[in-house]
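Every number here is computed from the coordinates shown, using simple stated rules; none is lab data. Everything quoted here is computed from the prediction, not taken from an experiment. For neighbour counting, all protein chains shown are included, and Cβ atoms are generated from backbone atoms with ideal geometry for every residue, glycine included.
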Amino acid sequence: MRYPSVLGYAPGIVIFLGFGGFLLADPAPTDPGRLALVVGGYWYLTLMGITLFGPRWMVRGEALTILMRAYARVGLLGRLRGRIAVGLWGWQGLTRPQVSGGLAVFIILMLGTGSFDGVNETFLWMGFLGINPLEFPGRSAVITQNLVGMLLANLALISVFAACLALGERLAGTRRPTTEAIRLFAPSLLPIALAYHIAHYLTVLLVDGQYVISLADRSAEHRRRPVGTGGFSRDHRIPEYTCNSQTDLADAGRRGGDRPCDCDFAGSCGGGAWTWQQLAGHTGASAVGGVHDRVHVFRALVAGLPQRGLNPVAQKCKNILQ
């Protein structure tokens, strides 16, 4: 069956937003049973798409393939005139054709979803929802708010991006249509989206990745006991290293500028951030628990915060919990 050209990248966009909604709004996206159900359903969906439409589905409807192919545009390796070529970062943007309108929207959504991922657990967002972050009721209480917030954040980014391009075209006197300008300049957002993506999930790799190591270790030694945080690293330098790495990655992606807002920060150290999940991983508390886990996380690490150089949010937390 021929893939309907009228669909364009619409299936991939819908699936990508579904992934984003699951990660940002689901009460327990890393629960093994729930995750297995979602991954299994996605596997069947992809199999059905390939069976019906062939390889065309992979480059139009399979969200992860579209995501990785978009990131490949900023890579060193690529294809030029049918051959493998090497160049500096960004060279493919000068040699490859303009992206389609659907792919341009997908690229903007990559940045918009990642940006909201850096906001939805901050004190700013909790305050906007009227929730005391020190008495957080759990992710199940903000499912709708996070889904609506993610969609509005993406719509706002598309609108602002289009408005800035339209104004720039008018000031430059090029009179290029806004839709064409979006297709031309959307790939310029890829380095920012990639840096935010890496910075966001660095803590997942460092903290949740230890579960994988522990499970592999338990399987190898045939030990039958629950996997807890007993074997987790609690080196006090890890949050600092993670903070600095997140900051450097975000700054590299957007080439300097204001302080990055990609961290789901609860407390700040030297311009970086400690995420809820990261702090919980180093103190044995639940990353999605209620007030007792949150306060336990802060009190366990508040003594390690520096005496000076804290931002107002971190200083307020320290004053409350000391």
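Values for this structure:
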read-out: Per-selection Rg to Rh, the stretch 5-69 - Cα, Kirkwood hydrodynamic radius; value: 1.01
read-out: Gain on full stretching of the segment that runs from A28 to T51 - 0.36 nm per residue minus C-alpha separation; value: 5.1 nm
read-out: Furthest towards positive pole of dipole, M110, T203, A181, structure part the stretch 78-214, Cβ charges; value: A181
read-out: Extension gain (nm, one decimal) between L77 and T178, 0.36 nm per residue minus Cα-Cα; value: 33.3 nm
read-out: For A85, residues with placed amide H under 5 Å, excluding near neighbours; value: G78, R79, L80
read-out: Amide N proximity, the stretch 20-54 versus L152 label position 7 Å along Cα-to-Cβ, cut-off under 12 Å; value: none
read-out: Stretch gain in nm, segment L129-R2, where the contour uses 0.36 nm per residue and the Cα spacing is subtracted; value: 41.1 nm
read-out: Table column - 3J(HN,Hα) (Hz), the stretch 143-156, Karplus curve with 6.51, -1.76, 1.60, x for Gly and Pro; value: 4, 4, 4, 5, 5, 5, x, 4, 5, 5, 4, 5, 4, 5
